[in-house]
Amino acid sequence: MEQVIFSPFLRAVQSVEPLCQKQNLKIEIDERLSERILSTHPLPDWLEKLKATFQDMELSYEGGESGNEATKRIVNVVEEALKNEHENILMATHGNLMSLLIKFFNQDFGFEQWQNLTNPDVFLLSFTNKQVHLERLWK
């Protein structure tokens, strides 16, 4: 049995919808996979501000969420999905949120690795005996 969980953002759904239709997989929308909001106010230097949030995971800007808050959000989705004992789980989310999930399991993953992501990008996370193996599939 498979579980498919997507961000409610249209581009996330459109990225994987053809595969889901071909495999006859039902899509679940989970608001917690929405793109991370850095700030609700314009940040002309948003890239530098984003970089700072990778260095200080508690840092947040007006109306935005910290790296730790966003990480908690996506980790909760993953943990809940793993409890459902599906053989495979497909998640579609956004680059910054995905980066924070990867960083949760691999502290060496940071701003520079986020910058090197492609759009789309695909990572495989394998969970066995409480160990997590990360593999980038999209190159």
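So which residues in segment 84-105 are in a helix (DSSP H, G or I) and within 15 Å of R32 (Cβ to Cβ), if there are any at all? Before the answer, list the steps.
Initially, segment 84-105 is screened for residues in a helix (DSSP H, G or I), giving 95-105.
Residues satisfying the conditions are N96, L97, M98, L100, L101, F104.
One residue stands out in segment 82-110 among those that are more than 14 Å from the chain's Cα centre (by Cα) and touching a residue at least 40 places away in the same chain (Cβ under 8 Å): the one that is surrounded by the fewest Cβ atoms within 10 Å (Cβ to Cβ), namely E87.
If we keep just the residues of segment 113-132 that are surrounded by fewer than 12 Cβ atoms within 10 Å (Cβ to Cβ) and more than 16 Å from the chain's Cα centre (by Cα), which is farthest from A12 (Cα to Cα)? Checking each candidate, the answer is N129.
Pairing residues of segment 122-139 that are aromatic (F, W, Y) with residues that are in a strand (DSSP E or B) and open to solvent by less than 80 Å² (accessible area, probe 1.4 Å), at Cβ distances under 6 Å and at least 6 apart in sequence or on separate chains, gives F123/R136. Residues that are modelled with pLDDT under 90 and either under 13 Å from the mean Cα position of the chain (by Cα) or closer than 27 Å to K130 by Cβ (or both) do not occur anywhere in segment 31-49.
The values are calculated or read from the model by the stated rules, or taken from the named source; none is laboratory data. Everything quoted here is computed from the prediction, not taken from an experiment. Methodologically, a virtual Cβ is constructed for each residue, glycine included, from the backbone with ideal geometry; neighbour enumeration extends over all protein chains shown. Ligands, DNA and RNA are excluded from the accessible area calculation, which covers all protein heavy atoms including side chains. Shrake-Rupley method; radii C 1.70, N 1.55, O 1.52, S 1.80 Å.
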